[in-house]
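Visitor: Dropping the structure in here first, questions after.
The values are calculated or read from the model by the stated rules, or taken from the named source; none is laboratory data. All of these numbers come straight from a predicted model, not from anything done at the bench. Note that we place each Cβ from the backbone using ideal geometry, even for glycine, and neighbour counts take in every protein chain shown. Side chains included, ligands, DNA and RNA excluded: accessible areas come from the protein's heavy atoms. Shrake-Rupley method; radii C 1.70, N 1.55, O 1.52, S 1.80 Å.
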Amino acid sequence: MVEKGRQRLDKVLAHMGFGTRKEIKKLVKEKRVRVNGELANDPGLHVLPGRDHIEVDGEPVEYRQHIYLMLNKPQGFLSATEDRFAQAVVDLLPPEYRAFHPFPVGRLDKDAEGLLLLTNDGKLAHQLLSPKKRVPKTYFAVVCGMVTETDVEAFRHGVILNDGYRTMPGKLKILRSGPESEVELTIYEGKYHQVKRMFQSVGKKVTYLKRIAMGPLILDERLKPGEYRELSEEEIKNLRELNPAR
């Protein structure tokens, strides 16, 4: 009987981005893998990740179960793990991150930019996307048309979308008002094309959309579109400690 928590060596190394099971079998055969100081001679050897000391080519393998990445999503990419006809955000990651099988938490329109969290932590993703949590998401938008205090008031009470759905109240902040306006909008749900449809409901059109925050997570301004970084321990902690909206 295999001790609880133990996994096959080749599965652990594949999870850490060292290649396919076949490639890892070759590493073992070439005597390039050690477990607790001893040469591994079986890719099916059961190890306890995080406790057993694994080395590949003399370098220790730091096992991680989950990864958390902040991506500044560029325009033209789908918020998906893969797609037959278009590029997906996961395509922006190198093999060592893709080996963890991360997925985007929530969606961002194909033509939108900005903050997107990628992780393989299903529990955290579920918490962030749960309607009960009402996690705030803040967007910067350029809008064709003059945004007024009347719009601010309408958004504060919730607007009716083109399918008859009334949105939850949103916080609209006018940064610049004119024939082309700039705004920040915070919403607490994630309906399909919601920001665009909210402005459509008041007779205006969004021409540029960028998500700048999700809950306590704020887009790192140093990240150019298409760039990413791992979350800090504090950022991960803040996401995990989110409380449901009152």
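Visitor: Could you estimate the translational diffusion coefficient of segment 109-176 from the Stokes-Einstein equation, with Rh from the Kirkwood formula over C-alpha pairs, at 37 °C and 0.692 mPa s, in whole µm²/s? Please report the intermediate quantities before stating the final value.
Guide: Numbers: Rh = 14.7 Å.
In µm²/s, the coefficient is 224.
Visitor: P(r) of segment 1-131 in 10 Å steps, Cα pairs, percent per bin?
Guide: Taking every Cα pair in segment 1-131, the percentages come to 12, 35, 26, 20, 7, 0.
Visitor: Could you work out how far apart the two model spin labels at T150 and L129 are, taking each label as a point 7 Å from the Cα in the direction of the beta carbon, and quote it in nm?
Guide: 3.8
Visitor: Dipole of the chain (Lys/Arg Cβ +1, Asp/Glu Cβ -1, origin at the Cα centre): which of P102, Y192, F85 lies farthest to the positive side?
Guide: It is Y192.
Visitor: Can you tell me what percent of all Cα-Cα pairs in segment 1-67 are more than 20 Å apart?
Guide: So the portion of pairs separated by more than 20 Å is 16 percent.
Visitor: Put H126, H53 in order of accessible area, largest first, 1.4 Å probe: what do you get?
Guide: Putting H126, H53 in descending order of accessible area: H126, H53.
Visitor: Roughly how many whole Å is it from the C-alpha centroid of segment 113-180 to that of segment 40-58?
Guide: Cα centroid to Cα centroid, the span is 47 Å.
Visitor: If I model a spin label at S232 and N41 as a point 7 Å from the Cα along the Cα→Cβ vector, what separation in nanometres do I get?
Guide: About 4.9 nm separates the two model spin labels.
Visitor: Right, something else. The chain: Rg/Rh from Cα coordinates, Kirkwood Rh? Intermediate results must be reported in sequence, preceding the final value.
Guide: On the way: Rg = 22.6 Å, Rh = 20.5 Å.
Ratio value, two decimals: 1.10.
Visitor: Taking 41 Å as R0, compute the FRET efficiency from the Cβ-Cβ separation of V142 and T20 and round it to 0.05.
Guide: 0.35
Visitor: For K205 and Q7 in the same chain, what is the full-extension length gain: residue separation times 0.36 nm, less their Cα-Cα distance, in nm?
Guide: Extra length from K205 to Q7 when fully extended: 66.0 nm.
Visitor: Roughly how many Å² of L161 are accessible to a 1.4 Å probe, to the nearest 10?
Guide: 10
Visitor: I would also like to ask the following. Have a look at segment 116-246 and give its Rg and Dmax from the Cα atoms, expressed in angstrom.
Guide: Calculated on Cα positions, Rg and Dmax stand at 15.6, 44 Å.
Visitor: If you take the beta carbon distance between S177 and E82 as r and set R0 to 45 Å, what does 1/(1 + (r/R0)^6) give as a FRET efficiency, to the nearest 0.05?
Guide: Approximately 0.65, to the nearest 0.05.
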